[in-house]
Amino acid sequence: MPTFLIAFPVFFPIFAGALLIAFPGMKRRTRNICTFTVSIINLVVVMLLIINGMTMDMEMIRFTSQLVFAFRIDGLGKFFAILVSVLWPFSLLYSYEYMEDDSRQGTFYTFFMMTLGAVLGIAFARDFFSMYVFYEILSLVTFPLVMHEMSPEAVKAGWHYLVYMLGGAAFAFIGMVIILIYGDTLTFTYGGVLGQAASGNESMLVFVFFITFMGLGVKAAIMPFGKWLIEAAVAPMPVTGLLHAVAVVKAGAFAIIRLIYYVYGADFLKGSWAQYLCMAVCAFTILYGSTMAVKELHLKRRLAYSTISNLSYVVFGAVLMSPAGMTGSLTHLVMHAVAKIGLFFSIGALMHTNHKVYQYEIDGIGKKMKWTFAAFTLCGMSLIGIPQFGGFISKFRLLDAVIDDGGIPAYIGGMCLIISALLTAVYLLTTVQKAYFPADGHLCDGYDKVRDPGWKMLVPIWFSVIMSVVLGLAWQPLVDFIKWGIL
Amino acid sequence: MKGNILLLIVVFWPFMGAFFTWLMCGRSFTAPDENDNTRKCYYPSRLYMMTLGVVIFEAMIIIAALLYGPVVNTDAFELHRICGFGLYFRFDGFRVVYACVSTLMWFSSTLVSGEYFGKGKDLMRYQTLGLITYGATLGVFLSADLYTTFIFFEIMSIASYAYVAHTEKAAALRAAGTYLAVAVIGGLVMLMGLMMLYRICGTLRLEYLKEAAEEIFKAGVPGSLKELYVAGGLILFGFGAKAGMFPLHIWLPKAHPVAPAPASALLSGVLTKSGIFGVLVLCLEIFGESFGFGFTVVVLGLITMVTGALLAVFSTDLKRTLACSSVSQIGFILTGIGLVPLLAEESTLALSGALLYMVNHSLFKLVLFLCAAAVYMKCHKLDLNEIQGFGRDLPVLKILFLIGALGISGVPLLSGYVAKTLIHEGMVEYIHMSSGGIRTFFKAAEWVYLISGGMTFAYMTKLFWAVFVDKPKKEYGPVAERTAGRAAHLAIVLPAFLIVFLGIGAKLYVGKVVIFMGHFNTAAFDHEQTEILHGLHLFSLENLKGSAISIAFGIVIFVLIRKFLCRKEADGHMVYLDRWPKFLDIEELIYRPLLLKLFPFLFRSVGVFVAEKLPALIYKRLMAAASACAKCVSGFVQSLVDLSDRTVFAPFRVKKADRFKETRTFLAGEEKRFKVISATLSYGMLLICFGLIFTLIYLLYLLFS
């Protein structure tokens, strides 16, 4: 297998996206077929790489002996790349129906495809520098997607989004420079890269770790830097569903995992004040997100709050700084991605087909939108953590890591997880209850006209349901993969 | 996958059955709409037949599994790696009995529901989710690994939501919300406990758990002992929530009156028992000889017993009374189970009493709730004042209800008496064993036990009197129209017969049933214990005395009820008064305000403060400081310029014209524009970044110099 192939899935979608601009007059159907083909080709190449490549290295540009722009496929990268490239075609399929009446589809798909390349770039980056580059690219290419609607609030949200992202990246940049000085290399190495130069400067390094963590945490919507995610809920549903529940935000969590386990090394950080502070921030965000979600009646924003909370589960697992914590973190990364995309897409179907978006508008709607709300219920159960759905496994793993850690801060975090699970049940099941059990027979307006969406929407939604259930029933392969492939 | 494969089918057949039911009846099943005559394809009867078929087939599978068990010489079944830890089932004494009881319950309930619901709406949902609940319940009872228990327990909790919320009335939805909240909180707390237990003991298999726990007790390391107790407490919380243990009993009195009566029978008869099952496992397998744990369970049991009984005495609603009675009876069972670790070696009587009590209570509640169903489906009322004397001329229903009522009150010759006496015996035994303060406590507990028994008698008599003896206030219509159908009667007669049969044949059968039920995991009654059970004198004077005291109390309390909780109208009719103070509702008083008002308020205000207000504040201060600095600097420069104007450039001064006017106006405009941007948090962050970058450059300078 030629090594240059690693760069292919990264640059191919970016290139394809750029080509879409070159042909503005393209017909909708043609464009759909093209984008779908591109994403499928990408998926196939990624799969090939992952099945064939043990650990492949590819240097693209060498600036100095330390600053190298390079790709590599390792366990963690594989993990994230599979997740993203499998979900992409399904999201595209969904967007074909969701965006059918949109006037600026060309622009939309341009950036949508470019995002795929940027995310895969983050997954395959060999070192901190390359990851940083793609991190910035990701911020820039998703920015037009956020303000796609071009309404005043969308534009405002877009600008806020950009400033948050760039500000966060600035922190990450500081972290990178410090590592450049104190580390042996910038290349990700499990267990950390800090070398001789680090000794004596521990307290400064821990401080720099903390600000880097917060900087990367902006993408992972760590409070107090998570407000952008709520504002960005004005974006079209495929963007909110895929990018702001999986790709972009998980890239933040992914970068944090890289930072902790592959740059600083868990042993170096474990027990430092930064770890406890990070845990506190995560625990706080978990509760904050869930509580705000309970209050929010706009279903899309409610799910966005829920995303804030769930991302912190992932980060919380990571900052436990143990193999068990990382297992929990990565499991939740997958399970949340799968379940949340289903939830977002079901609400998107509700918005697109029936133009309802508030909780109080959906009395009894589940009896008409059978397929959509059955999926919503099942994905919701997964997110709450009802056995044997996927979300249960990840929460189980996280709690396991908490008990494994055994410290008081970890237990407090564990308690927050449990309280948050309860709040999750409240904010998801009240919606389900409204949809299926209309109080005193009161039905929503236009109940007769309510209908299920078309197959293009239902297939992705049900794909996520099936994945939630299957991963919940047979999660051993997943955990084995994390155990043997990554740790 | 190994062992008796039939067990797998026992557990999963109802799930498959639910699917088949949906397949067979789903298409032709659209809800009836009175305005729409085109929708003709509506076959509830087919749905009932299908459900009934599934249950009957399940009964056949259970019998087959029983017969087939000895052939393969194992009563266990294991499914590797499914759901991670694998699933593990057993089919020994207690589990067999409970599988049978559950099947009987679902059979009867389904039989009645045909007539009860008629052509109601959303029956498909009710029946399929009911079958899933059925399968999950069997899964709980057959599980021999706490992880398996947990999985099915959760499925059961969620699926049975449809039972409570079925009518979709506002009250029902509220109660269903409570039910779900209790189930979810209980489930999560239990999960935490199970994981801690797993960490301490290294296994969740019941057959190894006993040994592992014993070792920990023997080693006596305070740290791990403490953890074991914490884990035990958390698991007890989870199972107790489902069982209706105080203070988590809140869902029972709310859920039962609003759920359809056939579903209430199941909720109260079987689903609460699955919680009891968990407590039983804790007391038998893990804390087998722990005084502290047993004592806690006994105390909670006593409180539950009294609370439930008091609520029932004051209640004026047929099904609500029965629900409160369930709470109280669960208290009796918990007391019996709690005595097991206390008595340790001598626990035969208490344990067999508790086991028998479970079965009895299932049967009683089946009979009573189905009687309530028979009343409700004819007059659609449950308030005692509105169904007064409804059953005066319905002899069959009257007798059936009487059997249930007397059985649950522990009247001799019915099966309730036996179980109650056994637990009482256990208690007396412990009084003899203990000394000091504990002895005094248990002497008091004995009286509480007897008085609660009396209260049971009193409120059951109250119900019977109200529905079947009091003179009716109004005409209810002809008897023929008010009599329930044959199927419904059959459904009630079956368990009623069992109650009488187990009561009269106590001497003959009870010992055998109990000894059979004693096979639980690795444990079984040994020879000595069997002897004790066979040598019981159930109808000895001593035992009859306990029952007599109870009934005497009951009669007194009943008289008091007639005196203080009823009012006689001028025309001779009784009016039942609801004298229970409204504010004494633990759910409305504590839980709901706490969970729905106070906690969210606290979280939210803290959250908004920390995540939104505080950064904004800091940013504002920073901006003020920065602008002050900027003003200082620019003022300094400006003064320099002014100074130079006056001194060095004085000769060249053209006029006192503002050379910077243009710049100033430009800046003023910019400042306005700038304010819009600068008022955002993100901008503040950007500024901080700049500051940090300067710091960084300085750091780099230090490093490289």
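When A:Met335, A:Met351, A:Met279, A:Met321 are screened for being in contact with a Phe, Trp or Tyr (Cβ under 9 Å, 6 or more places away or on another chain), closer than 21 Å to A:Leu399 by Cβ, among the aliphatic types (A, V, I, L, M) and surrounded by fewer than 24 Cβ atoms within 10 Å (Cβ to Cβ), only A:Met279 passes.
In the set B:Leu311, B:Leu384, B:Leu343, B:Leu368, which member is farther than 25 Å from B:Phe539 by Cα and surrounded by fewer than 24 Cβ atoms within 10 Å (Cβ to Cβ)?
Working: B:Leu384 fails: surrounded by fewer than 24 Cβ atoms within 10 Å (Cβ to Cβ); B:Leu343 fails: farther than 25 Å from B:Phe539 by Cα; B:Leu368 fails: surrounded by fewer than 24 Cβ atoms within 10 Å (Cβ to Cβ).
Going through B:Leu311, B:Leu384, B:Leu343, B:Leu368 in turn, just one is farther than 25 Å from B:Phe539 by Cα and surrounded by fewer than 24 Cβ atoms within 10 Å (Cβ to Cβ): B:Leu311.
A:Asn42 meets all of the listed conditions (1) modelled with pLDDT under 90; (2) more than 17 Å from A:Val239 (Cβ to Cβ) but one, namely (1). Can you name the residue in the stretch A:451-487 that is under 25 Å from A:Gly191 (Cβ atoms) and charged (D, E, K, R) and is also surrounded by the most Cβ atoms within 10 Å (Cβ to Cβ) among such residues? Among those that are under 25 Å from A:Gly191 (Cβ atoms) and charged (D, E, K, R), it is A:Lys483.
Looking at the stretch A:403-410, is at least one residue touching a residue at least 24 places away in the same chain (Cβ under 8 Å), more than 30 Å from B:Pro600 (Cβ to Cβ) and either within 11 Å of another protein chain (Cβ to nearest Cβ) or among the polar types (S, T, N, Q) (or both)?
Residues of the stretch A:403-410 that are touching a residue at least 24 places away in the same chain (Cβ under 8 Å), as a first pass: A:404-405, A:409-410.
Still in the running and more than 30 Å from B:Pro600 (Cβ to Cβ): A:404.
Subsequent filtering for residues that are either within 11 Å of another protein chain (Cβ to nearest Cβ) or among the polar types (S, T, N, Q) (or both) retains A:404.
Within the stretch A:403-410, one or more residues are touching a residue at least 24 places away in the same chain (Cβ under 8 Å), more than 30 Å from B:Pro600 (Cβ to Cβ) and either within 11 Å of another protein chain (Cβ to nearest Cβ) or among the polar types (S, T, N, Q) (or both).
Of the residues in the stretch B:133-144, none is crowded, with 24+ Cβ neighbours inside 10 Å, more than 14 Å from chain A (Cβ to nearest Cβ) and over 20 Å from B:Lys242 (Cα atoms).
Output the helices (runs of 4 or more DSSP H) that fall wholly within the stretch B:236-339 and possess 3 or more residues being closer than 26 Å to B:Thr128 by Cβ, or say none. Working first, answer last.
Values: elements: B:251-258, B:261-266, B:272-281, B:291-314.
Qualifying helices (runs of 4 or more DSSP H): B:251-258, B:261-266, B:272-281.
Of the residues B:Glu211, B:Glu207, B:Glu227, B:Glu215, the single one that is within 14 Å of chain A (Cβ to nearest Cβ), on the phi < 0 side of the Ramachandran plot and of a type outside the set (A, V, I, L, M) is B:Glu227. For the stretch A:430-467, residues that are within 14 Å of another protein chain (Cβ to nearest Cβ) and within 21 Å of the chain's Cα centre (by Cα) total 0. At least 3 residues being over 30 Å from B:Val428 (Cβ atoms), hydrophobic (A, V, I, L, M, F, W, C) and within 14 Å of another protein chain (Cβ to nearest Cβ) is the threshold, and among the helices (runs of 4 or more DSSP H) wholly inside the stretch B:533-652 those reaching it are B:599-608, B:614-646.
Residues to consider are B:Ala175, B:Ala181; find the one that is over 19 Å from B:Phe287 (Cα atoms), touching a residue at least 12 places away in the same chain (Cβ under 8 Å) and away from chain A (no Cβ under 11 Å). If you could, list the steps in order and put the result at the bottom.
Numbers: B:Ala181 fails: away from chain A (no Cβ under 11 Å).
Exactly one of B:Ala175, B:Ala181 is over 19 Å from B:Phe287 (Cα atoms), touching a residue at least 12 places away in the same chain (Cβ under 8 Å) and away from chain A (no Cβ under 11 Å), namely B:Ala175.
Among the residues of the stretch B:502-524, those that are touching a residue at least 12 places away in the same chain (Cβ under 8 Å) and assigned to a helix (DSSP H, G or I) comprise B:Leu502, B:Gly503, B:Ile504, B:Ala506, B:Lys507, B:Val510, B:Gly511, B:Val513, B:Val514, B:Ile515, B:Phe516, B:Met517. Evaluate the stretch B:420-432: report whether one residue or more is without any contact (Cβ under 8 Å) to a residue 40 or more places away in the chain, part of a loop (DSSP other than H, G, I, E, B) and surrounded by fewer than 24 Cβ atoms within 10 Å (Cβ to Cβ). No, there is no match, as no residue in the stretch B:420-432 is without any contact (Cβ under 8 Å) to a residue 40 or more places away in the chain, part of a loop (DSSP other than H, G, I, E, B) and surrounded by fewer than 24 Cβ atoms within 10 Å (Cβ to Cβ).
Scan the stretch A:50-64 and tell me whether some residue there is without any contact (Cβ under 8 Å) to a residue 24 or more places away in the chain and assigned to a helix (DSSP H, G or I). The answer is yes, given that some residue of the stretch A:50-64 is without any contact (Cβ under 8 Å) to a residue 24 or more places away in the chain and assigned to a helix (DSSP H, G or I). Condition first: more than 13 Å from chain B (Cβ to nearest Cβ), of a type in the set (A, V, I, L, M, F, W, C) and in contact (Cβ under 8 Å) with a residue 60 or more places away in the chain. Can you find one or more residues in the stretch A:222-231 that meet it? No, the stretch A:222-231 contains no residue that is more than 13 Å from chain B (Cβ to nearest Cβ), of a type in the set (A, V, I, L, M, F, W, C) and in contact (Cβ under 8 Å) with a residue 60 or more places away in the chain.
Set side by side, the residues B:Ala76, B:Ala99, B:Ala59, B:Ala64 differ, and just one is over 23 Å from B:Gly278 (Cα atoms) and either buried (at least 16 other Cβ atoms within 10 Å of the Cβ) or modelled with pLDDT of 85 or more (or both), which is B:Ala59. Residues being under 20 Å from B:Ala261 (Cα atoms) and either at pLDDT 80 or above or not in a helix (DSSP H, G or I) (or both): count how many of those fall in the stretch B:462-498. The qualifying residues number 20. Condition first: buried (at least 22 other Cβ atoms within 10 Å of the Cβ), within 14 Å of chain A (Cβ to nearest Cβ) and touching a strand residue (DSSP E or B) at 6+ places or on another chain (Cβ under 7 Å). Can you find one or more residues in the stretch B:150-169 that meet it? Scanning the stretch B:150-169 turns up at least one residue that is buried (at least 22 other Cβ atoms within 10 Å of the Cβ), within 14 Å of chain A (Cβ to nearest Cβ) and touching a strand residue (DSSP E or B) at 6+ places or on another chain (Cβ under 7 Å). With respect to (1) over 23 Å from the mean Cα position of the chain (by Cα); (2) within 23 Å of A:Val68 (Cβ to Cβ); (3) modelled with pLDDT of 85 or more, the lone exception for A:Asp184 is condition (3). When the test is whether a residue is free of Cβ contacts under 8 Å to residues at least 60 places away in the same chain, surrounded by 21 or more Cβ atoms within 10 Å (Cβ to Cβ) and part of a helix (DSSP H, G or I), A:Gly77 passes it.
A count restricted to the stretch A:433-449 and to residues that are surrounded by fewer than 19 Cβ atoms within 10 Å (Cβ to Cβ), in contact with a helix residue (DSSP H, G or I) (Cβ under 7 Å, 6 or more places away or on another chain) and in a helix (DSSP H, G or I) stands at 2. Listed conditions (1) under 21 Å from B:Val184 (Cα atoms); (2) at pLDDT 90 or above are all met by B:Leu282, apart from (2).
Given the criteria without any contact (Cβ under 8 Å) to a residue 40 or more places away in the chain and within 28 Å of B:Leu394 (Cβ to Cβ), does B:His380 qualify? Criteria met by B:His380.
Given the condition buried (at least 17 other Cβ atoms within 10 Å of the Cβ), more than 12 Å from every other protein chain (Cβ to nearest Cβ) and over 21 Å from the mean Cα position of the chain (by Cα), answer yes or no: does some residue in the stretch A:418-426 qualify? Within the stretch A:418-426, none of the residues are buried (at least 17 other Cβ atoms within 10 Å of the Cβ), more than 12 Å from every other protein chain (Cβ to nearest Cβ) and over 21 Å from the mean Cα position of the chain (by Cα). Given the structure, is B:Glu154 outside the structural domain of B:His519 (by TED's automatic domain parsing) and either in contact with a helix residue (DSSP H, G or I) (Cβ under 8 Å, 6 or more places away or on another chain) or modelled with pLDDT of 85 or more (or both)? Judged against the criteria, B:Glu154 is a match. Against the test of being closer than 24 Å to B:Asp145 by Cβ and within 13 Å of chain A (Cβ to nearest Cβ), the options B:Gly278, B:Gly240, B:Gly193, B:Gly233 yield a single qualifying residue, B:Gly193. Among the residues that make up the stretch B:543-554, is at least one of them free of Cβ contacts under 8 Å to residues at least 60 places away in the same chain and over 31 Å from the mean Cα position of the chain (by Cα)? There is at least one residue in the stretch B:543-554 that is free of Cβ contacts under 8 Å to residues at least 60 places away in the same chain and over 31 Å from the mean Cα position of the chain (by Cα).
The values are calculated or read from the model by the stated rules, or taken from the named source; none is laboratory data. As the structure is a computational prediction, the values presented were derived from the model and not from experiment. Positions of Cβ are generated from backbone atoms using ideal geometry, with glycine treated the same way; all protein chains shown enter the neighbour counts.
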